[in-house]
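Participant: Sharing a structure, written as structure tokens. Questions coming.
The values are calculated or read from the model by the stated rules, or taken from the named source; none is laboratory data. Note that the structure is a prediction, hence the values are computed from the model and not measured. Don't worry about glycine lacking a Cβ; one is built from the backbone with ideal geometry, like all the others, and counts go over all protein chains shown. Keep in mind that these areas ignore ligands, DNA and RNA; they rest on the heavy atoms of the full protein, side chains included. Shrake-Rupley method; radii C 1.70, N 1.55, O 1.52, S 1.80 Å.
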Amino acid sequence: MDDKNEPEGIVLTEAQLRSRRQRSIAIALALGVMVVLFFAVTLVKGPAVLVRPL
């Protein structure tokens, strides 16, 4: 009953695989933009961001 030739689990179509890849790329780009934005804000604020009254 356990046939080695058949894949186990869910098999995605080419369109679903393409959609998943595009979604992953979009998420990666959004994350990259956020990292660059946070880095730029940190550079603009300068080291004074760490010097605050407690």
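Participant: For the chain, which whole percent of the accessible surface, found with a 1.4 angstrom probe, sits on carbon and sulfur atoms? Walk me through the intermediate numbers first.
Facilitator: Working: 3770 of 5650 Å².
Carbon-and-sulfur percentage of accessible area, whole number: 67.
Participant: For Cα Rg over 2.2 N^0.38 Å, several values are listed as (1) 2.26; (2) 1.31; (3) 1.07; flag the one computed from this structure.
Facilitator: Computing Cα Rg over 2.2 N^0.38 Å and matching it to (1) 2.26; (2) 1.31; (3) 1.07 gives (1).
Participant: Report, to the nearest 10°, how far helix 14-45 tilts away from the longest principal axis of the Cα atoms in the chain, using its own Cα long axis and a range of 0 to 90°.
Facilitator: With both axes taken from Cα atoms, the answer is about 10 degrees.
Participant: At 7 Å along the Cα-to-beta-carbon direction for both Ala26 and Thr42, put a label point, then send me their distance in nm to one decimal.
Facilitator: 2.8 nm
Participant: Here is a follow-up. For the chain, what does the accessible surface come to per residue with a 1.4 Å probe? Please give it in Å². Before the final figure, lay out the partial values.
Facilitator: On the way: 5650 Å² over 54 residues.
Spelled out: the 1.4 Å probe surface of the chain, per residue, equals 105 Å².
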